[in-house]
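Please read the structure below before turning to the comments.
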Amino acid sequence: MATGLQGAQAEPKKSVTIVLFSGDLDKAIAAFVIATAAASMCMKVNIFFTFWGLNAIKKKSGLIKGQNWMQKMLNIVNYGHARKLALSKLNMMGMGPAMLKTMMSKKRVPSLDEFIKTASALGVGFYACEMSMTVMGLRKEDFIDECRDVIGAVSYISIARDSNVNLFI
């Protein structure tokens, strides 16, 4: 006698795609909370970092990047990495992020750096936006090792079209 599972096709793995457009600390944390939660539920997760969201995965390194003066100026005023992101509200010249980080630590909520490492360990794919990088004069070497690849909009769409959940943060 055959069981009900014999011959049945395995259900495809559910997936989540997140576009991180914002370079705000609170929004980056939200993206990583969702990404790590989904990955811990055995979902395939990919994050596409574009424009200011690229700051979340930039290496902590020199300020002056770019091939021309406009790109260099943009990267000086937009200097950022995971430890330097501002809050979307109540930034208060940097006191807001410091207060939030302290409150998170006291409640044992991981830092953004810890979320990034956890997400990577759970297999979350990190992809930098090629067009944003080109405009800003950034290269793959400017990003943390967890960044799998640099992709364009067409590649992002081919990933997103097969996802069960698509989020824009």
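The numbers here are math on the coordinates, done by the rules we state, and not lab data. Nothing here was measured: the structure is a model prediction, and the numbers come from that model. In this analysis, Cβ positions are derived from the backbone assuming ideal geometry, glycine residues included, and neighbour counts consider all displayed protein chains.
Annotations for the structure displayed:
- Over segment 15-168, the fraction of Cα-Cα pairs per 10 Å bin, rounded to whole percents and listed from the shortest bin up, is 11, 41, 35, 12, 0.
- Taking every DSSP beta bridge that has both ends in segment 15-168, the antiparallel portion is near 5%.
- Sorting 157-163, 53-59 by average packing, meaning the other beta carbons within 10 Å per residue, from highest down gives 53-59, 157-163.
- Computed about its Cα centre, the charge dipole of segment 91-169 is approximately 420 debye, with only Lys, Arg, Asp and Glu carrying charge at their Cβ.
- Value of relative contact order over segment 15-168, rounded to a whole percent, pairs C-alpha under 8 Å and six or more apart: 35 percent
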